[in-house]
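For reference, the structure is listed below as C-alpha cells.
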Amino acid sequence: MNKELEQASFSQGGSEKSDVLHNLADYKFYIENHGCQMNVYDSRKIVDLMIDFGFTQTFNSQEADILIFYTCNIREKAAQRVFSNIGFLKNQNTKVIAVGGCVAQAEKENIFKHKGVNIAFGPQVYHKLPSYVSSVLSGQKDKILDIEFEQDKKFGCLHDRREVSYSEFVTIQEGCDNFCTYCVVPYTRGREYSRPALDIINETKTLLKNGAKEIILLGQNVNSYHGEAPYINIGKPKGTWRLERLIQEISSLDGLRRLRYTTSHPKDFTTELMEIHADTPVLPPFAHIPAQAGSDRILKMMNRGHTAREYLDKLKKFRDICPNIHFSSDFIVGFPSETDEDFEDTLKLVREAKYTISYSFKYSRRKGTPAAVMDSQVSEAVKTERLKILQETLLKDQIYYNNQLVGQTNEVLFEKVGRKPKQYIGKNAYSQSVIVESDKNLIGEFANVFIEKASENSTLGRLA
Ligand code: SF4
C-alpha cells in the first residue's frame with residue numbers, strides 16, 4: 001500500500017508531518033522477535049501496523065532500511081541476544097533501528113548506549129512505532145524513547161490481522177499486580193489491564209471467519225481476567241466478565257476447534273474454571289499451572305500467595321472434577337537462599353503433582369526486582385546441579401505419560417514439517433508433539449493419529 005507520509009501522519013503517535021518522505025513503500029522493515037507468546041502476538045500486530053502505515057516488510061535483514069527488535073526481558077539471554085544481533089544485522093541500508101518490548105521498558109535510555117539505536121519503545125506504545133520510524137527517516141528526530149503505559153489506547157489502535165494463521169493468539173489481559181519478587185512483568189508491562197470482552201469476542205470472530213481453527217487467549221495472569229462485560233441492558237452498569245464467562249462465550253463461536261489460555265496463576269484457578277474444562281469440548285483437558293517451587297519458605301519469598309499444599313490440593317480438586325486433565329508447570333531453581341531442603345521440597349511437589357510436561361529454569365537476577373538484591377544468592381554451580389536433577393525427575397513423568405499414549409488415537413493440529421521427508425509435527429490436546437508421515441501437506445490441519453511409539457519428547461504415529 002503506497003501512502004504519502006503527510007496523509008499517513010499517525011494521529012495516535014503524535015508524529016509531525018514530513019516534507020521529505022514521499023513513498024513509504026520504498027522503505028523496507030525487518031522485524032526480529034524474541035520472547036514469550038505475547039511477544040509473538042505483539043510482533044504480528046507491529047507488522048500489520050507498519051504495513052497499514054505504508055512500509056514494506058522484508059524477510060531479508062540485509063536489504064532492510066528499518067530494523068525492529070522486539071524482545072522480552074524475563075530471561076537475561078533474550079536481552080543479550082538482541083544487543084548482539086543489532087551488530088550482526090545492521091547493514092549499509094539501515095537507516096532506523098528500533099528496540100521494543102519489555103527489554104526497552106527495563107533498559108530505558110540505556111538502550112541508546114548500543115550504537116545506532118534510534119527508537120526505544122515499551123510494549124504498551126507499539127501502536128506509535130510507525131510514526132516514530134517516519135520521524136527518524138525524515139530527519140525530524142534521531143532518538144526517541146517512549147515507555148509510557150497506554151494499554152487502552154494501544155488496543156484501540158489495533159486492526160484485524162492481515163494474514164490469519166490456523167492458530168492465532170488473542171491478548172485478553174496484560175500486566176500483573178502480583179509482584180512475584182523475581183519477575184519484571186509488573187515493571188515492564190505495567191499493572192493489570194483487561195480488554196473489554198466485546199473487543200476480544202469480535203477479534204476472535206474475525207480470526208475464525210478468516211481461517212483460524214485454534215485460538216490461544218493470552219495474559220500475563222490470564223485467569224485474573226476481569227474485562228468490561230458486553231453492553232446488555234440499557235441503563236444498567238455493564239459489570240465485568242471473568243475468564244470463565246469469556247471462555248463460555250468464545251467456545252461457542254463458529255469455526256473454533258481448539259481453545260487454549262495461558263499463563264495461569266494457581267491462586268486464581270477457580271472451581272468454576274475447572275468445571276468449565278469438564279464441560280467444554282473445545283478446551284483441551286490440559287492446564288498450565290506454574291508452581292515455580294515446592295518449599296513454602298521459598299514460595300513466600302517469591303510472593304506467590306500460596307503454599308505447596310494449597311497448590312497440590314488445587315490439582316487434586318481439578319482431577320476430581322475433570323478426571324482426564326493433565327498438567328504442566330514452570331519451575332525456578334536456585335532462588336536466593338534456596339537450601340538443599342528447599343530444593344528437596346520442590347522435588348517432592350513434582351513427584352506428587354505428576355506433570356505431563358514442564359519447563360524449568362535457573363533463577364537469573366532481573367534488575368529492579370526485589371529478589372535481585374536479596375542476600376544469599378545461590379552459586380551457578382549449585383543452580384546447574386539442581387536444574388539437572390529437577391529435569392531428570394520431570395522427564396521421568398514425561399516419558400511415563402508419553403508411553404501411556406501408545407495405542408491411543410489423538411486429535412492433532414499440525415504445525416510444521418519434520419526433519420525427514422514427508423514428516424509432519426503437530427500438537428495433541430495435551431500440547432505434546434506428535435510426528436507422522438504423510439504424502440499430503442498437513443500444516444494447519446487437524447487429523448486423528450494412532451500413536452505407535454513414544455520417545456522422551458514426542459510420540460510417533462500414523463494417520464488414523
Ligand atoms: S504472576 Fe507471573 S507475571 Fe505476575 S509477577 Fe508473578 S511471575 Fe510475573
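Any read-out appearing in this document is the output of simple, stated calculations on the displayed coordinates, not a laboratory observation. Given the structure is predicted, the values throughout are model-derived calculations rather than measurements. Here the Cβ positions follow ideal geometry from the backbone for every residue, glycine too, while neighbour counts run over all protein chains shown.
Across region 447-456, coupling constants 3J(HN,Hα) worked out from phi with the 6.51/-1.76/1.60 Karplus curve, θ = phi - 60°, read 8, 7, 10, 8, 7, 10, 9, 10, 10, 4 Hz, and Gly and Pro carry x. Modelled label positions at residue 275 and residue 90, each set 7 Å beyond Cα in the direction of Cβ, lie 5.9 nm from each other. Approximating the spin labels as points 7 Å out from Cα along Cα→Cβ, the residue 113-to-residue 400 distance works out to 4.8 nm. Rounded, prolate or oblate: which fits region 127-186, taking a ≥ b ≥ c as square roots of the Cα gyration tensor eigenvalues, rounded meaning a/c under 1.5, else prolate when a/b beats b/c? Here region 127-186 falls in the oblate category. Available extension along the chain between residue 420 and residue 300 is 38.4 nm, counting 0.36 nm per residue and deducting the alpha carbon span. Here the calculated FRET efficiency for residue 253 and residue 359, from their Cβ-Cβ distance with R0 = 30 Å, stands at 0.50, rounded to the nearest 0.05.
Restricting the chymotrypsin sites (Phe, Trp or Tyr not before Pro) of region 213-300 to loop positions (DSSP other than H, G, I, E, B) with no more than 11 neighbouring Cβ atoms within 10 Å leaves 231.
Helix 380-405 and the long axis of the chain differ in direction by around 70°, with both axes built from C-alpha atoms. When peptides 214-222, 324-332 are sorted by average Cβ neighbour count within 10 Å, with the highest value leading, the order is 214-222, 324-332. Its Kirkwood hydrodynamic radius, worked out from the mean inverse distance over all distinct Cα pairs, puts region 321-464 at 17.2 Å. Taking K and R as +1 and D and E as -1, what net charge do the other residues with C-beta under 13 Å from the C-beta of residue 227 add up to? Net of charged neighbours comes to -4. Unpaired Cys in the chain, meaning no second Cys C-beta under 4.7 Å: 36, 72, 102, 157, 176, 322.
Within the chain, antiparallel bridges make up roughly 35 percent of the DSSP beta bridges whose residues both belong there. The alpha carbon radius of gyration of the chain, expressed as a multiple of 2.2 N^0.38 Å, is 1.02. Sorting the segments 426-437, 154-165 by their mean number of nearby beta carbons within 10 angstrom, highest to lowest, gives 426-437, 154-165. For a straight C-alpha distance cut-off of 13 angstrom, the aspartates and glutamates reachable from residue 416 (same-chain residues fewer than eight places away being disregarded) are 437, 445. Listed by chain and number, the lysines whose C-alpha is less than 26 Å from the C-alpha of residue 316, apart from same-chain residues fewer than 8 away, are 267, 300, 348, 354, 396, 427.
Bridgeable aspartates and glutamates around residue 362 (alpha carbons under 16 Å apart, same-chain partners fewer than 8 residues away excluded): 76, 330, 338, 340, 342, 344, 380, 385, 392.
The H on the amide N of residue 286, modeled in the peptide plane, is under 5 Å from the matching H of 326, each at least 5 residues off or on a different chain.
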